[in-house]
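The values are calculated or read from the model by the stated rules, or taken from the named source; none is laboratory data. Predicted model only: the values in this text are computed from it and were never measured. Cβ atoms come from the backbone with ideal geometry, glycine included; neighbour counts cover every protein chain shown. Protein only, heavy atoms only, side chains kept; ligands, DNA and RNA dropped before computing areas. Shrake-Rupley method; radii C 1.70, N 1.55, O 1.52, S 1.80 Å.
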Amino acid sequence: MKNKEGSFIWGGSAAFILFTYLLFLVYPVSSLLKQSIMVANKVSFENFITFFSKSYFNETLINSFKVSFMATVFSLIIGTVLAYLFTMYQFKGKSVLQILIIIASMSAPFVGAYSWILLLGRSGVVSQLATNLFGIKMFDIYGFTGIVMVFTLQLFPLIFLYVLGAFKNIDNSILEAAEGLGTTGLKRMYQVILPLLLPTISAGALLVFMRAFSDFGTPMLIGEGYRTFPVLIYTEFMSEVGGNEAFASSLAVIAIIIALIIFLGQKYVTNKNTFKMSALHKVKDREVAGLKRVVVYLISYGVVFLAILPQIYLIYTSFLNTKGMVFKPGYSLDSYRQAFDRTGSAILNSIRIPLIAIILVVIFSIFIAYLTVKKKSWLTELIDILSMIPYVVPGTVLGVAFLAAFNTGVGGTGVLAITGTLVIIIISLTVRRLPYTVRSSVASISQIPDSIEEAASSLGSSSFNTFVKIIVPMMLSGVISGAILSWITMLSELSTSVLLYNVNTKTMPVAIYTEVIRGNYGIAAALSTILTAMTVISLLLFMKLTHSKELTM
């Protein structure tokens, strides 16, 4: 009887989750594909032929690859070196620096871009200071160089957190054995440590590359004439002059194919180099002296200062008097007053929309993790694959897909015609940020032995009762770790929301973006500061809930 009841509950749960994915992921992407190949009510590949035959569009795709590749390379170098220094050496202020790195990584990339405009733009404070005092013309923040710099400083913390977590699994006896054989310094790093870190590094590289490849706000703000793929999709879809929804859908389909190819390539590399390692003797940091000590301090403090500088300057400018694009002498809270007057609903939306979405994310993640680990079948395997697709689909593409699917309802019937409502933004955020919590939940539940459920069953507990009262509490720390990442990325989400919002559903990232575009820099700075404060408070709550002093991935 209990077995039948359990089968009904888990079979029904799996069917419901699959139906949800079919409705809110497979159907929108299918609608996108249909829209991309339908020209004048006939099947045609005209849009794809147009894209690949014109250098204008090809160059845009190449531009996206170039900035994403360079940002990934620089992020890998900086993030790995920094994680190495934090693991191997003792130095003052390490804990504070780590928190600052996390804060730098959690803000929206376009906020960093906006800050760097204030610092190194044509009228930026550093640019003017260098010109007036030393007659030096600073490098141009706009275009390729600026985009790569902003992406690197924004995304290297992801590599740092990934690699820092991986270092905890390396057994110190391996490093000592290498030293005993005469392999030290860079040679040990290249021949011993990097191979051990390769699966983690490749996973981090994928995340950095896809975030850079799919980012819309940064190239939109500082790209100027340097076009990237997400900006092209947005302008083709939203432009009142020359916009083409079918062509934009074709671009979105191309972006999905590219993302899947890169994702599968990374999976292949990871599977070829996967191994399990358990550190009985963890690597201990040691004191450093002399020139090496100076180098450690210079790199650690220098990199973190550059990463956090935009946030610091943004907070400072939020208290300056402003008039449009010009900062005036004196300090006041006028920018905050105007921010609350003009965009008070955006602040409220940035709390209630992610809050509803994160509740859905946690519930779905717990069930998906349990089903895919403990109730393996072809159905749960399919759910596991579907749950990872949003991880690599760019936000702009998902936004276009939702508009194509739900503008006139499912199949044009008017059912679920949710475009312009709060519901479409909540669902899009839930679908897009679900993978973070699912992965950490899967990792957590994988460590729970089956014998616990068997023991509970022998004592008369039903399958669902064991799940609620024993399994869920045991996997909660992993769920919370993933949920904090989902929550913080929801707070700063722009790529999808900028396509789906209306005046009643505008969020803070969208409000910041529109205020920057309008030249209201003071209000944008105040909103960015509020967003940063919300992120920091979220992190502190996470650390208190999990009794953790640090965050790793």
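Within the stretch 211-228, the set of residues being surrounded by 24 or more Cβ atoms within 10 Å (Cβ to Cβ), modelled with pLDDT of 85 or more and of a type in the set (Phe, Trp, Tyr) comprises Phe213 only.
When you scan the stretch 183-190, do you find a residue that is touching a residue at least 40 places away in the same chain (Cβ under 8 Å) and not basic (Lys, Arg), even just one?
yes
Once the stretch 303-335 is narrowed to residues that are part of a strand (DSSP E or B) and among the aliphatic types (A, V, I, L, M), the residue that is surrounded by the most Cβ atoms within 10 Å (Cβ to Cβ) is Leu320. If the condition is being open to solvent by 60 Å² or more (accessible area, probe 1.4 Å) and either free of Cβ contacts under 8 Å to residues at least 60 places away in the same chain or part of a strand (DSSP E or B) (or both), then the stretch 336-346 contributes Arg337, Phe340, Asp341. Any residue at all in the stretch 20-39 that is among the polar types (S, T, N, Q), more than 25 Å from Asp215 (Cα to Cα) and either buried (at least 17 other Cβ atoms within 10 Å of the Cβ) or assigned by the TED database to the domain that holds Leu371 (or both)? Checked the stretch 20-39: at least one residue is among the polar types (S, T, N, Q), more than 25 Å from Asp215 (Cα to Cα) and either buried (at least 17 other Cβ atoms within 10 Å of the Cβ) or assigned by the TED database to the domain that holds Leu371 (or both).
Could you check the stretch 179-253 for helices (runs of 4 or more DSSP H) lying wholly inside it with 3 or more residues that are farther than 30 Å from Leu164 by Cα?
217-222, 229-238
Looking only at the stretch 396-406, decide whether some residue is closer than 23 Å to Leu491 by Cβ, in contact (Cβ under 8 Å) with a residue 40 or more places away in the chain, surrounded by 24 or more Cβ atoms within 10 Å (Cβ to Cβ) and of a type outside the set (A, V, I, L, M, F, W, C). Yes: the stretch 396-406 contains one or more residues that are closer than 23 Å to Leu491 by Cβ, in contact (Cβ under 8 Å) with a residue 40 or more places away in the chain, surrounded by 24 or more Cβ atoms within 10 Å (Cβ to Cβ) and of a type outside the set (A, V, I, L, M, F, W, C). Flag not set for Thr80, criterion: at pLDDT 90 or above, open to solvent by 20 Å² or more (accessible area, probe 1.4 Å) and either of a type in the set (Val, Ile, Thr) or within 30 Å of the chain's Cα centre (by Cα) (or both).
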